[in-house]
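Working notes for the structure below.
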Amino acid sequence: MTDFSNPAVRLSPTNLGDLDPRITVPDYERSGLVPGIVHIGVGGFHRAHLATYADELATAGHRDWAIAGAGVMAADAGMADVLGAQDGLYSLVTRSERETTVQVIGSIVDYILAADDIEPLVARIADPATRIVSLTVTEGGYPVNEETRVFDPAQAPAGPNSAFGVIVAALRRRRDQGVGPMTVMSCDNVIENGNVARLAVLGVAEAVDPKLANWIDTNVTFPNGMVDRITPATTDSDRAFLAAQYGVLDGWPVVTEPFRQWVIEDSFVAGRPPWEDLDITVTDDVEPYELMKLRLLNAGHSTMAYLAALAGIELVDEAMNEPLISRFLSSFLEQESGPVLPDIPGIDVPAYQAKLIERFSNPAIGDQISRLCLDGSAKWPKFLMPTIRNELRAGGPVTLSALALAGWCQYLVGTADDGSQIHHASDPDLENARRFATESLSDPASFLGYQRVFGEDLKADERFRGAFVDALAKLRAGGVRATLSSLLGS
């Protein structure tokens with residue numbers, strides 16, 4: 001790639017016409033956009049997914065579906081500063097093995113930081129122009145018990161300043177002012193994410209005003225959806241790449257892969273964008289697609305991530321370059337997770353599995369193993385436990401799943417294969433998870449007593465317990481590579 005000859009310039013609306021001609025910029029008048037969507041939790045994934053779709057709609061002439069971004073945590077101040085300085089603009093860097101493309105996304109027209117004062121955000125959501133509130137608050141950000149599917153404020157923040165507290169306050173204002181209902185749309189990797197968002201909103205509303213909760217239950221819609229696009233955390237090297245190669249200074253660009261997928265339930269009480277005009281599947285039944293993604297892509301990421309971390313591997317494509325890890329992942333998808341999936345209309349599952357291996361192996365993305373190790377106690381119950389239980393009922397194999405969980409246990413103990421200490425990624429229940437992992441040093445099976453992840457049944461299952469204990473013993477005796485060689489064959 002030829003270096004851009006002009007000095008690097010700060011990304012802003014005033015210099016779009018001066019950018020490197022290889023950069024695609026918005027060809028629509030941004031001042032005419034109306035934010036019909038308020039999105040809480042603006043991060044990399046949102047900007048590589050929903051905000052990019054909104055940009056394409058604006059390009060096609062649909063001007064009522066721009067986005068007002070929002071953050072409710074103090075940690076969101078960084079994003080607020082960057083988007084404020086750049087008038088909501090940011091660079092989307094799409095990398096495959098063969099090429100890199102850069103485009104400036106213009107669909108975010110406002111950003112509201114509500115960490116200290118929720119009123120501006122409540123007012124924005126209560127505005128009649130707002131018809132959808134969308135969310136990416138991570139898998140562990142919903143105050144709903146994962147097993148019982150009952151509202152539980154101890155599971156995640158649920159107070160008046162939380163995302164769900166803000167939504168409830170805004171819905172109350174919409175009701176009281178006669179503005180009418182809207183749609184709350186989760187974009188998180190949560191099974192039945194719309195139903196879980198509904199439980200969270202109703203739980204908060206019930207504590208505030210039971211009549212309001214009833215009004216929400218009757219009038220507001222919560223579509224389920226499946227979202228997919230690998231989006232690693234932005235690094236300083238990504239910023240330096242844009243400055244050196246394209247002459248643009250962007251405080252928070254987004255790097256992503258070419259592949260993207262979105263399947264959304266057609267349940268929008270206040271209207272929706274014409275998403276079917278793009279590569280989005282609008283359907284009445286999201287569940288099969290959702291299960292496919294959670295149990296293949298998300299489970300695939302988690303099953304290999306902790307083993308890779310123990311082996312001292314930092315990037316996903318580097319892990320996939322190791323034949324043993326690549327074979328482990330392929331075998332898991334083909335032998336354990338894939339066979340117990342439900343039928344998925346229009347999807348060739350073996351082809352989807354092969355595509356996952358290709359995507360994970362993309363060296364241009366630079367996806368971090370540490371990112372995949374986030375929030376293990378929240379992810380495993382959704383991503384892997386259903387596969388294990390289905391295989392046990394069917395008399396199928398669970399050896400590779402047990403090894404993945406043994407890898408997580410050893411990761412929580414904190415010692416890598418070379419004896420170095422592991423810096424733990426964040427986890428919503430890290431203290432308890434580490435306590436059970438520490439107990440496993442004297443009694444390996446005791447880790448399965450961690451009911452948040454394993455429930456009450458898996459420790460009692462002799463076949464699964466035996467597979468887990470055996471895998472953990474092998475890991476501790478010989479490390480990841482020797483264990484994989486033993487299980488998969490040299």
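A short reminder: the numbers here are calculations on the coordinates, not readings from a lab. If you're wondering where the values come from, they're calculated on a predicted model, not measured in any experiment. Here the Cβ positions follow ideal geometry from the backbone for every residue, glycine too, while neighbour counts run over all protein chains shown.
Stokes-Einstein diffusion coefficient for region 287-488 at 25 °C in a medium of 0.890 mPa s, Rh from the Kirkwood formula over Cα pairs: what value in µm²/s? Translational diffusion coefficient: 146 µm²/s. Between V282 and I264, the built amide H atoms are under 5 Å apart, and every one of these is 5 or more places off in sequence or on another chain. Put a dot 7 Å past the Cα of V9, heading toward its Cβ, do the same for D457, and the two dots end up 6.2 nm apart.
When the dipole is taken about the Cα centre of the chain, and only Lys, Arg (+1) and Asp, Glu (-1) are charged at their Cβ, what size is it in debye, to the nearest 20? Display every interim value, and only then the final one.
Numbers: 39 positive and 66 negative charges, 97 e Å.
Dipole about the Cα centre, nearest 20: 460 debye.
Taking a point 7 Å out from the Cα of E439 in the direction of its Cβ, the residues of region 122-147 whose backbone N falls within less than 20 Å of it are 146-147.
Evaluate the charge dipole of region 9-283 about its Cα centre and quote only its size in Debye, nearest 20, assuming +1 on the Cβ of each Lys and Arg and -1 on the Cβ of each Asp and Glu. Write down the numbers at each step before the final one.
Working: 20 positive and 37 negative charges, 82 e Å.
That gives a dipole near 400 debye.
Packing order of peptides 356-364, 37-45, 207-215, highest average first: 37-45, 356-364, 207-215 (average count of other Cβ atoms within 10 Å over each peptide's residues).
Apply 1/(1 + (r/R0)^6) to the Cβ-Cβ distance of N161 and L278, taking R0 = 25 Å, and write down the FRET efficiency to the nearest 0.05.
Approximately 0.15, to the nearest 0.05.
Model label points for E431 and Q177, set 7 angstrom from Cα along the Cα-to-Cβ axis, are 4.1 nm apart.
Take the cross-link list K355/K474; K382/K459; K293/K459 and give me the ones stretching past 21 Å between alpha-carbons. Show your work: numbers first, answer last.
Details: K355/K474 31 Å; K382/K459 18 Å; K293/K459 27 Å.
Distance filter (> 21 Å) returns K355/K474; K293/K459.
Amide H contacts of W65 (H built 1.01 Å from N, in plane; Pro and chain starts excluded): V34, G36 sit under 5 Å, all sequence-distant by 5 or more or on other chains. Per-residue ellipticity at 222 nm computed for the chain from its helices equals -12500 deg cm²/dmol, with DSSP H segments shorter than 4 residues left out and the rest contributing -39,500 (n - 2.57).
Quick check on packing: order 18-26, 162-170 by the mean number of other C-beta atoms within 10 Å, highest mean leading.
Working: 18-26: 16.2, 162-170: 25.4.
In decreasing order of mean packing, 18-26, 162-170 become 162-170, 18-26.
Using the Karplus relation 6.51 cos²θ - 1.76 cosθ + 1.60 with θ = phi - 60°, the per-residue 3J(HN,Hα) values for region 16-28 come to 4, x, 9, 6, 3, x, 6, 8, 7, 10, x, 9, 10 Hz, with x marking Gly and Pro. Each of T399, A311, I347 was scored by the projection of its Cα onto the charge dipole of region 287-488, and the greatest displacement toward the positive side belongs to T399; charges sit on the C-beta of Lys, Arg, Asp and Glu.
Spacing of the modelled spin labels on D116 and A233, each 7 Å from Cα toward Cβ, amounts to 2.6 nm.
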